[in-house]
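Okay, structure first, notes after.
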Amino acid sequence: MHVAFGVLMPGTAVFSHKPWLANVPFDPFEDFLHSVTATGMGFAFSFGVVGRLLQRNNGEHLKKAFDVIALVAATTLSPLGELWPSIAGLLQRTMFGVAYLWFVLEAVD
């Protein structure tokens, strides 16, 4: 799942999202591709974290707790951005920050 996350990331970066400003021209198909790859990244990351969570030993309480935090961030911050567009960018960057921190902690471990 984490390989899928990494493969989908360049696609998400390459395809642009619909602009936030009204009346700015954009390509709807490119926006669609961005959404598909971004959604795929979210699912891949979440399922990968769930898989790692299930592999952990009973004594790894802090790691399990951070797995849960990463899952909550991955599944709630993006939809919250839809509710509050004024802070959507901050929420998205927080979500990616948590995800990257999760990957760093896994790599160090």
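The values are calculated or read from the model by the stated rules, or taken from the named source; none is laboratory data. In this text the structure is predicted, and so the values were computed from the model without any measurement. Backbone-built Cβ (ideal geometry, glycine too); neighbour counts: all protein chains shown. To get the accessible areas, we keep the full protein, side chains included, count just its heavy atoms, and leave off ligands, DNA and RNA. Shrake-Rupley method; radii C 1.70, N 1.55, O 1.52, S 1.80 Å.
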Computed accessible area, residue 106, all protein chains, 1.4 angstrom probe, square angstrom: 50
Relative contact order computed over the range 45-91 (Cα-Cα under 8 Å; 6+ residues apart), in percent: 32
Inter-centroid distance (Cα atoms) of the range 5-49 relative to the range 76-109, Å: 15
Principal-axis tilt of helix 28-55 within the chain, Cα atoms, nearest 10 degrees: 10
The chain: angle of helix 88-108 to the longest principal axis, Cα-based, in degrees nearest 10: 30
Dipole moment magnitude, nearest 20 debye, the chain about Cα centre, only Lys, Arg, Asp, Glu C-beta charged: 260
Residue 98 accessible area, assembled protein chains, probe 1.4 Å, Å²: 30
Helix-only [θ]222 nm of the chain, DSSP H runs n ≥ 4, -39500 (n - 2.57) each, per residue, nearest 500: -27000 deg cm²/dmol
Helix 2-14 vs. the chain, principal-axis angle (Cα, 0 to 90°, nearest 10): 20
Zero-based 10 Å bins, Cα pair distances in the chain, whole percents: 14, 42, 30, 11, 3, 0
Residue 41 accessible area, assembled protein chains, probe 1.4 Å, Å²: 10
